[in-house]
């Protein structure tokens, strides 16, 4: 049973560019959340998608946007990249009807902005 | 969600019990204590959670004090593969809605031979 799959695993972009990260949730999961993890820090919540709509959002600017597709997969888009956007981006999926023990994280996408 | 305080790092000899403390003095009555760990280059992994009773599963035990202001995660026989950053998180209980996790900086556990 495949867990959460994220692509690509690594990515290098230039300041000002745009990037799209992808996430396929674990089978049976319908809720997808995105987190940003800077080096040496804990993950920070970006937003969560359920039924193709953004349900919760953390303290991130509008440059960060997302989408969820009918098959529950999700994309994270970041526009006008800044050097400070360099981080590990984690996707977590969960079934709607369970609590936190239902969370499964992917291994993340390492984004480097130069 | 209540804030947690954890020591930045701990060492443990392989085969010994690892006891990781967490303070959450502002925890509310409906908030659970959750533990996750993150092994290098991987995403966080759920370990265990509890409300007020001690809990045990195949990975660890969770001891919550009677006043619920602190807890301890116990790995009974630590191995090198348990070397990771351990996060203690408190949040409102199983509402049926998969709401966000608020991570701190965690405790870096180093298991040595």
**Message:** Under 17 Å from a point placed 7 Å out from the Cα of residue B:112 along the Cα-to-Cβ direction: which residues of region B:1-44 have their backbone N that close?
**Reply:** B:8-19
**Fill in**
Mean separation of Cα contacts under 8 Å (at least 6 apart) over the residue count of chain A, i.e. the relative contact order in percent, is 36 percent
**Request:** Pick out which of B:70, B:28, B:41 has the largest mean-square fluctuation in a Gaussian network model of chain B, springs linking Cα atoms closer than 10 Å.
**Result:** B:41
**Complete:** Under a Gaussian network model of chain B whose springs join Cα atoms within less than 10 Å, the largest fluctuation of B:19, B:54, B:30 belongs to B:30
**Prompt:** With contacts defined as alpha carbon pairs under 8 Å and 6 or more residues apart, what's the relative contact order of chain B in percent?
**Reply:** 37 percent
**Request:** Would you please give the FRET efficiency between residue A:77 and residue B:92, computed as 1/(1 + (r/R0)^6) with r the Cβ-Cβ distance and R0 = 30 Å, to the nearest 0.05?
**Result:** 0.50
**Asked** How big is the equivalent ellipsoid of chain B along its three axes, where each semi-axis is √(5λ) from the Cα gyration tensor, reported in whole Å from largest to smallest?
**Response** 23, 15, 13
**Fill in**
Per-residue Cβ contact counts at 10 Å, fewest first, order A:110, B:37, B:81 as B:81, A:110, B:37
**Asked** Distance in nm between label sites at residue A:39 and residue B:77, each 7 Å beyond Cα in the beta-carbon direction?
**Response** 3.9 nm
**Residue with peak Gaussian network fluctuation, chain A [Cα springs, cutoff 10 Å], from A:95, A:43, A:70** = A:70
**Prompt:** How much length is gained if the chain between residue A:9 and residue A:57 is pulled fully straight, taking 0.36 nm per residue apart and subtracting their Cα-Cα distance, in nm to one decimal?
**Reply:** 14.9 nm
**Prompt:** What full-extension length gain, to one decimal in nm, is calculated for residue B:51 and residue B:11 as 0.36 nm per residue of separation minus the Cα-Cα distance?
**Reply:** 11.7 nm
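On full extension of the chain, what length is gained from residue B:59 through residue B:42, given 0.36 nm per residue of separation minus the C-alpha to C-alpha distance?
4.4 nm is the gain from fully extending residue B:59 to residue B:42.
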**Complete:** Fewest-first ordering of A:49, B:86 by Cβ atoms within 10 Å yields B:86, A:49
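Values quoted throughout were computed directly from the atomic coordinates according to the rules given, and no laboratory measurement underlies them. No experiment lies behind these values; they were computed from the predicted model shown. Counting neighbours? That spans all protein chains shown, and the Cβs are built from the backbone with ideal geometry, glycine included.
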